[in-house]
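Written below as structure tokens is the structure these notes are about.
Nothing in this text is a laboratory measurement; each read-out follows from the coordinates by a stated rule. Just so it is clear, the structure is predicted and the values come from calculations on it, not from any experiment. Virtual Cβ from ideal backbone geometry, glycine too; neighbours counted across all protein chains shown.
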Amino acid sequence: MNPFTPIIKGLKITLDHLFKKPVTRQYPTERPKVSPRFRGLHALNMSHDKAKCVACYLCPTVCPAKCITVEAAEDANHDKYAAVYEIDMIRCIFCGYCVEACPVDAIRMTGEFELANYRREDFIYTKERLLEKK
Amino acid sequence: MVNLTIDNRQVTAPRNATIYEAAKINGIHIPILCHDNKLKPFGACRMCLVEVEQMKGRQIPACTTPVTEGMIVTTSTPDIIKARKLVLELLLLNHPLDCPVCDKGGDCDLQNLSYDYKISSNRFHDQKFQHKIDYNNPLIERDMNRCILCGKCVRICDEIVSFGALTFIGRGIETKIGCEFDEALNCEFCGSCVSVCPVGALLARPFKFKARFWAMEKKRSICGYCGTGCNLTLGVKEGKVLTTVYDENQGFHRGQLCVRGRFGYQFINNEKRLKKPLIRKNGALVECGWDEALQLAASKIRNGSETAAIATPRLTNEEFFLFRKLMKGIGSENFDHAAGYAHKALTSGFARSLGSAASTAMVNDIQKSDMLLVIKTDSYETHPVIGFEINIAVKDKGVKLNIVSDKNGKLGKLPGARTFVHLPGSETLLINALCSSVIKQKLVSSTAASLPDFKEYAKGIEAFSPEKAASLCGISPEEINSLAADFASSKKAMILFPTGVAYPGHDSELATALANLAILAGKVEGEGCGLLCLPEKNNSQGAVDTGFYPTGKGLDALSVFDAIEDGRIKTLFLAGENPVVSYPDEARIKRALEKLDFLVLTTLFPTETAEYADLVLPASSYAEKEGTFTSAGGHVQYFAPVIPKAGDSRTDFEIISSLIKLTGGEAASNPSEIFAEIASTLDGYAGMTYENLGENGAFTAVKTRPALILPQTQAPALRKPEEFSLVTGALLYHNGTLSQFGEGPMHVSPESYAEISRKDASRLGIKENDTITLTSDSGSMQLAARVSLRIPEGVVFIPNHFSANPVNAIWSGKPVTPVALSR
Amino acid sequence: MSEAVEQREEEQTEEIDLEPANRVIDKFIDMPGNLMPVLQGVQDEYGYIPRIAADLIAERLNVYPSQIYGVLTFYAQFHLKPRGRFIIRVCVGTACHVQGATRIVETFYDKLGIGHAETTPDLRYTFEKVACLGACGMAPLAMVNDATYGSMTVQKVEEIINDYNQRPLKSGK
């Protein structure tokens, strides 16, 4: 085979790409658009200004990484609510089982994926932090 | 036995079994919602439908149909499955689908069956019920919207608890379960109804929303309150005991528990638990290390002759055995338990009359007997689960019940029960009169008549003829004669009586008198016969068996306090006891404790006694240690720790073991070694090991050698007409002072009170909850009055459990204390 | 009479003489299965079962009060509230319904000022709708105690009420 053929072939590809849109993205100035099914940071859904979560413990039960801590309590109307709802994002594997298990559609996964932090404690997402994501 | 075929399998079953039971015995599962092995068949749920070939293929309920020879049963055909699905669909029509917030989720029979039968949609539509949920009491929540009308709660409350708080109200689609006139539940809160509820209609409020069923470990243990020895299954999560779990196959009582057993577990994880040793420095208790604490304790107790020890009967057999070794090792004979008198019925009474310090009957004799003679209706309050056994015996097995008591009570309401209310403090006298009557009516058994001391005894007992005793005990001679005849002429008869710190009258003399009665009537031994002493605490019998009481020169518990005041005893080792509250005569106990050179206390909680201690060592509860308890009737049961120890606390076993080492002795390192030693030294425990005790435990062997001894009997002191007779006793909701640290018992019975009769109340113009002042020779106190129907005139009853305003301010420790009562 | 009931009697505000109830209980006390005849007898005496009488029966027959309440609510024949001197029953069964029983019922409601299964404050009338009185040929039908009134009309309702308003409140007993 002609020793120049591969080089020319290679250069041709390079030349092609010179006129195409680049596949790389200038993150963080340029941000990706994630699919609606993307499994990012969790958020707790609200209804009537209250978290929908009824503290049924199905998510901590199903969680393979055991990263969800729930503590139920009784409110003034004798109803059950989550006094504590924490997700440890260091342990979370973003499998989405918690969303699947939830019987009251109280938890969803958002497109949020920038979860880096400086301190370990900051990876514990409390109920308040999870509720902020509307 | 009957032979039958179930699902093409040849099986055998007892003649009186139902198809459901026959299937269960043979490992064939039939789905059911309304069955419990303690209750009579009811046939409410229609889930257990099976087909029987001989009945032309009709579907019949397995739980109410008895087996017959050659029956051919099919438990599952497409038709049956269709019928069961229909039943579930109809139940789910009204049952709310709130499983995520229902505490029963995961343990719910309806949920499990819906899952098994794949009921994912419903062909019918209807509105859910809108009943109001009963939140009126702190222990049991009743949500009748979830009820499936299986009737288990109604039946258990009637058949076993005999309280009858619940009933079916109305009929047809509007039927619901409720109390009389649809009021809020107000019962004795044993929680039996909660335990059997197949759905979440009845729930335990202390456990509400604490954990899901599947997230808890279920661990077996033995109840740490009274001497019944009930088995418990504790629900444990993250090292905490969260609830008791019902297991219908557990123990002689088949999972049945009382209010304190079911709802009183919270003391184990109470925040007030001591976590570190405390040492008194400059007048205040400060935390210190274990080494320092143990060294100090060892150096103080070394001088054995000036040292005494008093333990609570809640220690394990192993701990008592080791404790005894420690005391013997340091050269002290002064060790005792339970105020020194609460065990005298066994250690002195039974020991001399029957030859050994143990009951001759067992708890499971109750249902096999023909007649029960119960001393004090309080037996129900002190040992509620034994009370349930009595209920079943009387209502189901037709056992006759006679009660001799100084007040009326719940047991007396059982069908056919007779209560003989005598004057307070005249128990022994009355029993003597019964003995005398047995002899007079010539009902003496031949074995008793041939005893060498019979003649002498018969002569001595003449002084207590029914006619003479009648006026002193307040019961007519006719009644005494009829009761004596009833007892002696029954084929099988049994005597039950409680002992405890609150019952000083139940002493060695009463025990001897009762033993005499049993001996005369020939009811000492055999199935359904004998004497059953119901000791107050979980290991009272074990403390006696392991010999943790003084013999010979040793001082008993109350004499120890005298000796402290004389200066003969300088160091006191209290294991778990709280004498400032529970022993008679508070002032005297406090005086003695103040005079002590050194008081070391092992305890779970900073009690009133800890205020006098120089060294307080945090001990472990039964849930944190391993060992054996011996309960009423000599039932030895093994239990293992279910949770890690609280904080830095140590078991009494570890503490005593360290002290033995520090005082130059040689101690075993674990309880099983000591138990092996117990088994090899104590006759009754021969051959027992932790392994062969297993889940069911074993009974200690008792050798009897009956002897007729005339008890020393004093006629009750005559009170002045304006005075009241103070009697102390136990409440259903409490046991000792420990249950005060349990949330459940304190919800229903938070404080002490003085119970007086209606007649006295109206005479003195006292109304419920009025503050009344009670004065005795030893002091004075104020309490809220409770006007009650069960107390006879001239008697005032005060429970002995409460640290706040304890009864021992006025209570002398005599069976009856005369008190003046004013508004 | 037992102390428990005495105590309740003191607590209650309404004066109810328990003598007739005790008499009924005395009559049946030794009979097995006596709860139903006792309850029926007590209802005959008072016209309904007063709470205090239920407690007395529970105490004397040694039956749980809850059980008595269960029986009382199971059978339609027992009443827990005082009943009127005259019990008006209007049939709303099929035949009467098509003949316009609804109008009759509404007229009674209107005239008496009470609804179904209610009693006038003066204890003169209790009104009940019933499913069938067994005389469909006379539809629409009403009954006052034991007297039957067929082919009811709105005018007749008024006549009946006027008639019974004249009668004495105390029964002959």
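Per-residue counts of other Cβ atoms within 10 Å, averaged by peptide: what ranking do you get for C:100-110, A:55-65, A:103-113, highest first?
On the way: C:100-110: 17.6, A:55-65: 19.5, A:103-113: 15.8.
Averaged packing, sorted descending, gives the order A:55-65, C:100-110, A:103-113.
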task: Take the alpha carbon atoms of the stretch B:468-547, find their center, do the same for the stretch A:114-129, and report the distance between the two centers in whole angstrom.
output: 69 Å
message: Need one value for B:162-168: mean number of C-beta atoms belonging to other chains within 10 Å of its residues' C-beta atoms.
response: 5
- prompt: What aspartates and glutamates sit close enough to C:K111 to cross-link, taking a C-alpha to C-alpha distance under 16 Å and skipping anything fewer than 8 places away on the same chain?
  reply: C:D122, C:E128, C:E158, C:E159, C:D163
- prompt: Does the stretch B:1-156 come out rounded, prolate or oblate by the C-alpha gyration tensor, with a ≥ b ≥ c the root eigenvalues, rounded set by a/c under 1.5 and, if not, prolate when a/b is larger than b/c and oblate if not?
  reply: prolate
query: How many lysine pairs are close in the stretch B:548-628, with Cα atoms under 26 Å apart and the two 8 or more places apart or on different chains?
result: 5
- prompt: Peptide C:59-69: average number of partner chain Cβ atoms within 10 Å per residue?
  reply: 6
- request: Please work out the C-alpha center-to-center distance from the stretch B:360-424 to the stretch B:283-329 and express it in whole Å.
  value: 40 Å
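Taking the alpha carbon gyration tensor of the stretch B:348-404, what are the square roots of 5 times its eigenvalues, largest first, to the nearest whole Å?
Values: eigenvalues 98, 34, 22 Å².
Output for the stretch B:348-404: semi-axes of 22, 13, 10 Å.
Under the classification rounded if a/c is under 1.5, otherwise prolate if a/b is larger than b/c and oblate if not, where does the stretch C:55-148 fall, given a ≥ b ≥ c as square roots of the Cα gyration tensor eigenvalues? All intermediate terms of the calculation are to be shown ahead of the outcome.
Values: a/c = 3.00, a/b = 1.99, b/c = 1.51.
It comes out prolate by the Cα gyration axes.
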statement: Per residue of B:725-735, other chain Cβ atoms within 10 Å number on average 0
query: Helix B:671-681: angle to the longest alpha-carbon principal axis of chain B, degrees 0 to 90, nearest 10?
result: 70 degrees
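Quick one: grab the alpha carbon gyration tensor of the protein assembly as shown, order the square roots of its eigenvalues as a ≥ b ≥ c, and give me rounded if a/c is under 1.5, else prolate or oblate depending on whether a/b is larger than b/c.
On the way: a/c = 1.83, a/b = 1.09, b/c = 1.67.
Oblate, since a/c reaches 1.5 and b/c is not below a/b.
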- request: Tell me which residues come under 5 Å, amide H to amide H, from C:I87 once H is placed; ignore anything under 5 positions away on its chain.
  value: C:T126, C:N145
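Show that you can apply the helix-only estimate: for chain B, add -39,500 (n - 2.57) for every DSSP H stretch of four or more residues, divide by all residues, and state [θ] at 222 nm to the nearest 500.
On the way: 26 runs with 227 residues, N = 823.
Calculated from helices alone, the mean residue ellipticity at 222 nm is -7500 deg cm²/dmol.
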task: Please turn the phi angles of the stretch B:439-456 into ³J(HN,Hα) values with the Karplus equation 6.51 cos²θ - 1.76 cosθ + 1.60 (θ = phi - 60°), one per residue in order, whole Hz, x for glycine and proline.
output: 5, 4, 7, 6, 10, 5, 6, 5, 5, 5, 5, 8, 5, x, 8, 4, 4, 4
task: Please report how far the C-alpha centroid of the stretch A:1-75 lies from that of the stretch B:183-227, rounded to the nearest whole angstrom.
output: 46 Å
query: Cα axis of helix B:586-595 to longest principal axis of chain B: angle in degrees, 0 to 90, nearest 10?
result: 60 degrees
query: Could you name the lysines in cross-link range of B:K132, using Cα to Cα under 25 Å and dropping any fewer than eight places away on the same chain?
result: A:K50, A:K52, A:K80, B:K104, B:K152, B:K176, B:K208, B:K210, C:K81
message: Under the rule of at least 5 residues apart or a separate chain, name every residue whose amide H is placed under 5 Å from the amide H of A:M46.
response: A:K52
- request: Work out how far the C-alpha atoms of the stretch B:122-174 reach from end to end along every principal axis, then list the three figures in whole Å, largest first.
  value: 40, 24, 19
query: Sorted by packing (mean other beta-carbon atoms within 10 Å per residue), highest first, where do B:208-221, B:114-127 land?
result: B:208-221, B:114-127
query: Cα to Cα, under 12 Å, and not fewer than 8 places away if on the same chain: which aspartates and glutamates meet these conditions relative to B:K395?
result: B:D158, B:E159
- request: List the residues whose amide H sits under 5 Å from the amide H of B:L534, counting only those 5 or more places along or on another chain, with H placed 1.01 Å from N in the peptide plane.
  value: B:F497, B:T499
- prompt: Per-residue HN-Hα couplings for the stretch B:159-170, Karplus 6.51 cos²θ - 1.76 cosθ + 1.60 at θ = phi - 60°, whole Hz, x for Gly and Pro?
  reply: 5, 10, 7, 6, 9, x, 6, 10, 8, 7, 10, x
task: With unit charges on the beta carbon (Lys/Arg positive, Asp/Glu negative), name the residue among B:N692, B:H253, C:I49 whose Cα is farthest towards the positive pole of the charge dipole of the protein assembly as shown.
output: B:N692
- prompt: Which whole-Hz couplings ³J(HN,Hα) result when phi for each residue of the stretch B:241-248 is put into the Karplus expression 6.51 cos²θ - 1.76 cosθ + 1.60, θ = phi - 60°, listed in order with x for Gly and Pro?
  reply: 7, 9, 6, 9, 10, 7, 9, 5
message: How big is the dipole moment of the protein assembly as shown about its Cα centre under a simple scheme where the beta carbon of each Lys and Arg is +1, that of each Asp and Glu is -1, and everything else is neutral? Debye, nearest 20, please.
response: 3100 debye
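Order these peptides, B:476-484, B:360-368, B:253-261, B:443-451, by their mean beta-carbon neighbour count within 10 angstrom, highest first.
B:253-261, B:360-368, B:476-484, B:443-451
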Helix B:557-566 vs. chain B, principal-axis angle (Cα, 0 to 90°, nearest 10): 30 degrees
